[in-house]
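Enquirer: What follows is a single structure, and I will ask about it in a moment.
The values are calculated or read from the model by the stated rules, or taken from the named source; none is laboratory data. This one's a predicted model, so the numbers in the text were calculated from it and none came from an experiment. Glycine gets a Cβ as well: all are built from the backbone with ideal geometry, and neighbour counts include every protein chain shown.
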Amino acid sequence: MTEPVAGEGGPEAIPREGGPGHDPSHPSDAVGVGAGTAAATRPGALADGEWHRLHPATPLLRGGIALIAIGGILVANLRDRILESFTGFHEGDPLDLVIDNGWLIPGLAITIGIVLVFVLGFYLSWRMHEFRVTDEVVEVRSGILFRTSRKARLDRIQGINIVRALVPRIFGAARLEVSVAGQDANVRLDYLGSAAADVLRRDVLRLASGAKAAPAAAASADGDSVQPRASALEQRVDEFLAPELDPTEAAPESVVRIHPARLFFSILLSGPTLILLALLAFGIPWVVITGDAYLLFGAVPALIGMTSFTVNRFTKSLRYSIAGTPNGVRIGFGLLSTSNETLPPGRIHAVDVTQPLLWRPAGWWQIRINRASSSSASSSGVAAATMVLPVGDRNDVERVLGLILPALMETAAADAVRVGMTGSGGDGYVGSPRRARVLHPLSWKRNGFIFTDTALLLRAGRIWRTLTIVPEARLQSVSLTQSTVGRALRVATVHAHTVSGPVTARIGALDVDTAIELFSDVSRVAITTGRADTSYRWGATP
Amino acid sequence: MSGPATSDNGQVSARIELPDVEWRKVSPKLIIVDIIGSAVSALLALAASLAAFFFGLGIPALVLAVFFVMSVVTVLLVPRRVRAYGYQLREDDLVFRRGLLFQRVVSVPYGRMQLVDINRGPIARLVGLSDLKLVTAAASTGVAIPGLLEDDANQLRDRLVDLAESRRVGL
């Protein structure tokens, strides 16, 4: 039995208070019995500062596979026993029969005892696993013998993810994960009722935004939208077939989607496929010429690995959508297991827009980001949350950038992005001096930066085009470096440090004086914009 | 290796210099600490190299010998490297520089500091020195100021914590 909240037992651990779970402050409503209990889907119902329990099917869904496996073993053994006793009876092996009969009752007792202990354990762990949402924190406490408790401060929330893996999704349950800055510091609520999870996310985001109260109209509309329960099964089917993105959540024109065909070809044109082709191109002639067919067998595991990787990547990115909501960007994907995450404004620390070589004829790009939290979602079979746009054309890129960096794309930086994606030299970007040709023989003209009052844009790469955008309000520090070769050429490198992630904001081969100027400007502006930035309370009205 | 711009042995004149920053130096005692550290590894390399040679292992002996020579060069460069360290508390940020062959200048806004760490190695403690390390949310910041006198390090830490507190910004 694994505890999802792997808290450090030390100072945060709450000692047991008296008997198991006899906290007087317990309200006894569990979340979302059935698909959508009206009580749980009412806005604010779960975010009222009281302790709540998770979905009652939680132990089944979390330990479900293990339980089924145990059940299967039991049944199989029982069947063996029955068969055995039958054959024993027919073939007349009295000793075996006696042993069988002698051990039957204790055996049964032990089995039932084990099952009871399991059930009791699951029940207790469900009872002791509680969460609450106050105006300040989201808090989870769990554990029977070793109590753990974990808090996430609302103003430090980096994103809220709702993951519906296939099996819980069939049962109408979802996992809600609140990411905060730091390695493995997320607060997970698994599982909640599917509808309750959506409502809870909205409430947490509203509390985190600093907005004084929920818009009354919206609240009442939400309350009404809970349909009278037709039948549990019908509702389940409706939920399963419902569009991944709730249409009321975001304006349709702000939604960017990917056509499955484009996704398919984009993956076909990426690295692993190339390796596969290369293998085939060398392998087949080799086999034909030498007649050593065993080489093919050696290639089978690699083939299987690559195929599963590709298929995985494809199914995970299916039904991708990104949309702007009042509480930030909402990125969703997944066909069978779905995941959708809301990133509040100002949580994106760096962005890069890249174009792999093979995508160039099609004019496709991808967008990745750096974020302060590292979601554990990747371990549970959902793609890492740093890929914001798996594939898209220029138009998509502009729209997605408009969603994730809205403030930036309203300023002059928007034009810089447009020319920065493909341009090379003579377009406003401050580039490398001619003498830096030695370092970047192909891309020295394209290599360059633009420094606006909101963002730093770096572009590089003639073959693998990259445009990196760093919002200055998110900069952590800046460095200026010069190697021996750089000193000889009088060039230097500027590196804007952001939280770690796939994006690195570094530009080399700049003229040394330009680099020093850029360093000074960036370090100055990072301070002023950082101080003026209030996006961590994005909903607060001044 | 070194190009025309560095021909005149002027490590200071060829440095990348920020305008209007008066660098504060670290304690010269750091030279002793660093020399001891590098010398120990040089001697170990030498011993291992000789041992390997003695046992007739030609290639490992050669590799270790090269390592020994490099360590000796490092020892010889220590005084210059220690003089190359510098830091300064500006109005809103701390700037730090280091390095001879690979120079690095970093600026860390006070508001971005997440924690300030003081470390003392065994040799550094003998001569009363401390290292002060700054941590931000970015792993690549990597600012560690070595060779501060113990009192200076403590004062600097308190000062930085105060500054960070008064200029606190979000992530």
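Enquirer: Considering the range A:430-457 alone, what residues qualify as being within 14 Å of chain B (Cβ to nearest Cβ) and under 22 Å from B:ALA138 (Cβ atoms)?
Expert: Listed by number, the list holds a single entry, A:LEU456.
Enquirer: Kindly indicate whether A:THR466 is surrounded by fewer than 24 Cβ atoms within 10 Å (Cβ to Cβ), away from chain B (no Cβ under 14 Å) and closer than 24 Å to B:VAL95 by Cβ. Steps first, please.
Expert: Numbers: surrounded by fewer than 24 Cβ atoms within 10 Å (Cβ to Cβ): yes; away from chain B (no Cβ under 14 Å): yes; closer than 24 Å to B:VAL95 by Cβ: no.
No: the conditions fail for A:THR466.
Enquirer: Filter the range B:24-72 for residues that are buried (at least 17 other Cβ atoms within 10 Å of the Cβ) and either free of Cβ contacts under 8 Å to residues at least 12 places away in the same chain or in contact with a Lys or Arg (Cβ under 8 Å, 6 or more places away or on another chain) (or both) and give the result.
Expert: The one that is buried (at least 17 other Cβ atoms within 10 Å of the Cβ) and either free of Cβ contacts under 8 Å to residues at least 12 places away in the same chain or in contact with a Lys or Arg (Cβ under 8 Å, 6 or more places away or on another chain) (or both): B:ASP34.
Enquirer: Further question on the same structure: Out of A:VAL311, A:VAL329, report the one residue that is of a type outside the set (Gly, Ala, Ser) and over 15 Å from the mean Cα position of the chain (by Cα).
Expert: A:VAL311
Enquirer: If I filter the range A:133-171 down to residues being assigned to a strand (DSSP E or B) and among the polar types (S, T, N, Q), which single residue comes out as farthest from A:PRO59 (Cα to Cα)? Step through it out loud before you land on a result.
Expert: Within the range A:133-171, the first condition is being assigned to a strand (DSSP E or B), and the residues that meet it are A:133, A:137-142, A:148-153, A:157-164.
So of that shortlist, the ones also among the polar types (S, T, N, Q) come out as A:142, A:148-149, A:158, A:161.
Values: A:SER142: 13, A:THR148: 17, A:SER149: 19, A:GLN158: 28, A:ASN161: 21 Å.
Among them, the one singled out is A:GLN158.
Enquirer: Is it the case, given these coordinates, that A:ASP198 is within 25 Å of B:ALA137 (Cβ to Cβ), touching a residue at least 40 places away in the same chain (Cβ under 8 Å), surrounded by fewer than 21 Cβ atoms within 10 Å (Cβ to Cβ) and away from chain B (no Cβ under 14 Å)? Break it down stepwise before answering.
Expert: Details: within 25 Å of B:ALA137 (Cβ to Cβ): no; touching a residue at least 40 places away in the same chain (Cβ under 8 Å): yes; surrounded by fewer than 21 Cβ atoms within 10 Å (Cβ to Cβ): yes; away from chain B (no Cβ under 14 Å): yes.
No.
Enquirer: Let me ask something else about it. Among (1) of a type in the set (S, T, N, Q); (2) out of contact with any helix residue (DSSP H, G or I) (no Cβ under 8 Å at 6 or more places or on another chain); (3) within 14 Å of chain B (Cβ to nearest Cβ), there is one condition A:GLN482 misses while meeting the rest; what is its number?
Expert: (2)
Enquirer: Mind checking which pairs have a first residue in the range A:438-456 that is hydroxyl-bearing (Ser, Thr, Tyr) and a second that is assigned to a loop (DSSP other than H, G, I, E, B), Cβ under 6 Å, 6 or more apart or different chains?
Expert: Listed by first residue and then by second, the contacts come to A:SER443/A:GLY461; A:SER443/A:ARG462; A:THR452/A:ALA412; A:THR454/A:THR411.
Enquirer: So which residues in the range A:532-542 are more than 8 Å from chain B (Cβ to nearest Cβ) and in contact (Cβ under 8 Å) with a residue 24 or more places away in the chain, if there are any at all?
Expert: Once the filter is applied, which keeps residues that are more than 8 Å from chain B (Cβ to nearest Cβ) and in contact (Cβ under 8 Å) with a residue 24 or more places away in the chain, the range A:532-542 yields A:ALA532, A:ARG537, A:TRP538, A:GLY539, A:ALA540, A:THR541.
Enquirer: Looking for something touching a residue at least 12 places away in the same chain (Cβ under 8 Å), assigned to a strand (DSSP E or B) and more than 11 Å from every other protein chain (Cβ to nearest Cβ) - is there at least one such residue anywhere in the range B:151-162?
Expert: no
Enquirer: Something else: Somewhere in the range A:446-463, is a residue out of contact with any helix residue (DSSP H, G or I) (no Cβ under 7 Å at 6 or more places or on another chain), of a type outside the set (Gly, Ala, Ser) and part of a helix (DSSP H, G or I)? Before you say what the answer is, go through the steps one by one.
Expert: So in the range A:446-463, the residues out of contact with any helix residue (DSSP H, G or I) (no Cβ under 7 Å at 6 or more places or on another chain) come out as A:446-448, A:458, A:460-462.
Checking the rest, the ones that are also of a type outside the set (Gly, Ala, Ser) come to A:446-447, A:458, A:462.
Cutting the leftovers down to part of a helix (DSSP H, G or I) gives us none.
Checking the range A:446-463: not a single residue is out of contact with any helix residue (DSSP H, G or I) (no Cβ under 7 Å at 6 or more places or on another chain), of a type outside the set (Gly, Ala, Ser) and part of a helix (DSSP H, G or I).
Enquirer: I've got another one for you. Identify the single condition in (1) within 13 Å of chain A (Cβ to nearest Cβ); (2) within 19 Å of A:ILE516 (Cα to Cα); (3) of a type outside the set (S, T, N, Q) that B:GLY170 does not satisfy, given that it satisfies every other one.
Expert: (2)
Enquirer: Also, I was wondering about something else. Taking the residues in the range A:512-531 that are touching a helix residue (DSSP H, G or I) at 6+ places or on another chain (Cβ under 8 Å) and more than 9 Å from chain B (Cβ to nearest Cβ) as candidates, determine which candidate is nearest to A:LYS445 (Cα to Cα).
Expert: A:VAL525
Enquirer: A further question follows. Output the residue which, of all residues in the range B:107-131 that are more than 14 Å from chain A (Cβ to nearest Cβ) and crowded, with 21+ Cβ neighbours inside 10 Å, is nearest to B:SER27 (Cα to Cα).
Expert: Within the range B:107-131, the match that is nearest to B:SER27 (Cα to Cα) is B:LEU129.
Enquirer: Taking into account only those residues within the range B:90-106 that are facing chain A (nearest Cβ under 7 Å) and touching a Lys or Arg at 6+ places or on another chain (Cβ under 8 Å), which is nearest to B:ALA164 (Cα to Cα)?
Expert: Going through the qualifying residues, I end up with B:ASP92.
Enquirer: Okay, moving on. Of the conditions (1) within 14 Å of chain B (Cβ to nearest Cβ); (2) modelled with pLDDT under 95, A:ALA460 clears all except one; give me its number.
Expert: (1)
Enquirer: Which one of these does A:ALA492 not meet: (1) in contact (Cβ under 8 Å) with a residue 40 or more places away in the chain; (2) within 12 Å of chain B (Cβ to nearest Cβ)?
Expert: (1)
Enquirer: Another question, if that's okay. So which residues in the range B:136-150 are at the interface with another protein chain (Cβ under 10 Å from one of its Cβ atoms) and touching a strand residue (DSSP E or B) at 6+ places or on another chain (Cβ under 7 Å), if there are any at all?
Expert: Selection gives B:THR136, B:ALA138, B:SER140, B:THR141, B:VAL143.
Quick grid of which residues meet (1) under 23 Å from A:ARG394 (Cβ atoms); (2) among the β-branched types (Val, Ile, Thr):
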position: A:LEU456; (1), (2): yes, no
position: A:ILE463; (1), (2): yes, yes
position: A:THR466; (1), (2): yes, yes
position: A:VAL470; (1), (2): yes, yes
position: A:GLN476; (1), (2): no, no
